[in-house]
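Below you'll find the structure, written out as structure tokens, and then a few comments.
The values are calculated or read from the model by the stated rules, or taken from the named source; none is laboratory data. As the structure is a computational prediction, the values presented were derived from the model and not from experiment. Cβ atoms come from the backbone with ideal geometry, glycine included; neighbour counts cover every protein chain shown. When the accessible area is computed, the model is the full protein with side chains, heavy atoms only, and any ligands, DNA or RNA have been set aside. Shrake-Rupley method; radii C 1.70, N 1.55, O 1.52, S 1.80 Å.
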Amino acid sequence: KDSLNPSARYLISVFYFRADNPAYQFDSAYHYAVGALDDYALSPGREREKLKRMFIDSVRLTALRARIDSTAFEEARKVNTETAYLNFLSQFPSAVQRDLAEDLRDEVAYQDALEQNTYKAFLSYLTRYPGAHREPEARAHYDHLLYLEETKDQRLASFEKFLAEHPETPYRKEIYRHIF
């Protein structure tokens with residue numbers, strides 16, 4: 001009945017986080033751990049003293065949340081897909097592993113674009129992840145595949161049209177050579 005009950009939320013979080021529990025769900029464990037931390041922050045000093053006697057304090061609550069974050073990150077790494085990393089990033093916003101998860105997400109997305117090997121796939125990657133570590137390589141692949149696609153018929157009109165639509169292309173000299 002008490003709206004602020006960090007001890008109950010902590011225990012529910014521990015319950016859901018136990019691996020030997022048939023109801024194991026780290027998503028629910030995280031939800032209750034964050035709720036326990038929020039409740040603890042709003043609890044008056046007298047209530048915090050009671051919680052300390054039960055060995056519940058902000059350090060223990062933060063440590064539990066960090067263990068849950070780490071477990072969720074390892075699960076995302078096992079799956080190793082862009083979707084898994086996106087889900088991790090959205091569901092665990094305070095995780096220490098956020099930067100690493102973003103880098104791994106970008107890398108997996110880049111590998112997916114390489115497998116598709118189309119200019120559209122690289123354009124999608126560049127649009128979704130500007131500033132990614134692989135952006136220069138993705139840009140080079142995009143430029144090359146776009147150039148090949150737009151000028152595959154090797155006609156003068158195609159080269160002129162491509163140059164007019166993409167004046168910043170790194171293939172400018174090659175296009176001039178074909179035109180002249």
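Dividing the alpha-carbon Rg of the chain by 2.2 N^0.38 Å yields what?
On the way: Rg = 25.8 Å, N = 180, 2.2 N^0.38 = 15.8 Å.
Normalised by 2.2 N^0.38 Å, the Cα Rg of the chain equals 1.63.
What is the extension gain from H144 to Q111, computed as 0.36 nm multiplied by their sequence separation minus the C-alpha to C-alpha distance, in nm to one decimal?
On the way: separation 33, 0.36 × 33 = 11.88 nm, distance 1.69 nm.
Result for the pair: 10.2 nm of gain on full extension.
Rounded to the nearest 500, what is the 222 nm mean residue ellipticity of the chain from helices alone, with -39500 (n - 2.57) per DSSP H run of 4+ residues and division by all residues?
On the way: 10 runs with 133 residues, N = 180.
So the calculated ellipticity at 222 nm is -23500 deg cm²/dmol.
Counting only protein heavy atoms and a 1.4 Å probe, tell me what percentage of the range 25-162's accessible area is made up of carbon and sulfur.
Percent of accessible area from carbon and sulfur atoms in the range 25-162: 51.
What whole-number value in Å² describes the accessible area per residue of the chain for a 1.4 Å probe? Walk me through the intermediate numbers first.
On the way: 11210 Å² over 180 residues.
Value for the chain: 62 Å² per residue.
Between the range 64-103 and the range 104-180, what's the alpha-carbon centroid distance in Å?
What the calculation gives is 31 Å, centre to centre.
Which chymotrypsin sites (Phe, Trp or Tyr not before Pro) from the range 23-65 combine a DSSP loop assignment with at most 11 other Cβ atoms within 10 Å? Don't skip to the end; give the middle numbers.
Details: sites: Y24, F26, Y30, Y32, Y40, F55; in loops: Y24, F55.
Listed in order of number, the matching sites are F55.
Please return the longest range in the chain lying between exposed loop sites, taking trypsin sites (Lys or Arg not before Pro), DSSP loop only, at most 14 other beta-carbon atoms within 10 Å, and leaving the sites out.
On the way: sites that count: K1, R18, K152, R155.
It works out to 19-151.
Are there any helices in the chain, counted as whole DSSP H runs, that stretch 15 Å or more along their axis by Cα and score at least 0.0 on average by Kyte-Doolittle, and if so which? Can you show the working numbers first?
On the way: long enough: 6-17 (16 Å, 0.80); 26-42 (24 Å, 0.18); 58-79 (32 Å, -0.22); 98-116 (27 Å, -1.09); 135-150 (22 Å, -1.10).
Those that pass (Cα extent of 15 Å or more, hydropathy at least 0.0) are 6-17, 26-42.
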